[in-house]
1. Within the range 44-64, how many residues turn out to be under 19 Å from residue 82 (Cβ atoms), among the polar types (S, T, N, Q) and open to solvent by less than 60 Å² (accessible area, probe 1.4 Å)?
2. Those residues that are open to solvent by 90 Å² or more (accessible area, probe 1.4 Å) and closer than 18 Å to residue 83 by Cβ, I need them from the range 31-43; list them, please.
3. Please give the number of the condition residue 18 fails out of (1) open to solvent by 100 Å² or more (accessible area, probe 1.4 Å); (2) under 27 Å from residue 4 (Cβ atoms).
4. State the number of residues belonging to the range 78-101 that are hydrophobic (A, V, I, L, M, F, W, C), in contact with a Leu (Cβ under 9 Å, 6 or more places away or on another chain) and farther than 17 Å from residue 48 by Cα.
5. Tell me which residues, restricted to the range 99-131, are of a type in the set (S, T, N, Q) and loosely packed, with under 11 Cβ neighbours inside 10 Å.
6. Quickly run through the range 63-114 and pick out the residues that are hydroxyl-bearing (Ser, Thr, Tyr) and either touching a residue at least 40 places away in the same chain (Cβ under 8 Å) or over 30 Å from residue 6 (Cα atoms) (or both).
7. Which of the residues spanning the range 65-78 are surrounded by 11 or more Cβ atoms within 10 Å (Cβ to Cβ) and in a helix (DSSP H, G or I)?
Amino acid sequence: MTQNLVSMNLTSDQLAAVDAALEALESTLSGMVSLSPQQRRTVPRMGEKSEAFCRQTLSLLGQNPQVVNPGLGLPEAESDLATLDALRPRLQRLARLSARASDTEVALGSDIMSTALQGYALLKVSGRNQS
């Protein structure tokens, strides 16, 4: 029995459209950074639990500018928070698309492997009968 987890054919026009969309994303999001492995290990992270703390602290600092040292970088942090809020739903969509793409890659490879294994078994039997 043949396995067929996915049946997908992409035309050259579809591939060109995907490439153009990816180029547009890369261009539009050119401000994104790549952290080094060292940075990834050492930067302080804002997780789910600490996010509420960060939001509340920035809000209180904004309400009490007299206690804020100009070198603290509050405007940049507020801008970063606004950018994070705007970007997060798009990143979630990209993550879902990326997961589907990875699953499709696995399914395509599995379909190929399944057919190749069945075909190999047929060739072995056929080869024995030819001897």
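The values are calculated or read from the model by the stated rules, or taken from the named source; none is laboratory data. Note that the coordinates shown come from a computational prediction; the quantities given were computed from them, not determined experimentally. Glycine gets a Cβ as well: all are built from the backbone with ideal geometry, and neighbour counts include every protein chain shown. We work out accessible area using only protein heavy atoms, side chains counted, and drop any ligands, DNA or RNA first. Shrake-Rupley method; radii C 1.70, N 1.55, O 1.52, S 1.80 Å.
1. 3
2. Matches in the range 31-43: 32, 33, 34.
3. Unmet for residue 18, out of (1) open to solvent by 100 Å² or more (accessible area, probe 1.4 Å); (2) under 27 Å from residue 4 (Cβ atoms): (1).
4. 1
5. Result: 102, 126, 129, 130, 131.
6. Within the range 63-114, 79, 83, 104, 110, 114 meet the criteria.
7. 72, 74, 75, 77, 78
So that you can scan it fast, the table gives a plain yes or no per residue for (1) outside any helix (DSSP H, G or I); (2) closer than 30 Å to residue 122 by Cα; (3) open to solvent by 90 Å² or more (accessible area, probe 1.4 Å):
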| site | (1), (2), (3) |
| --- | --- |
| 4 | yes, yes, yes |
| 9 | yes, yes, yes |
| 13 | no, no, yes |
| 80 | no, no, no |
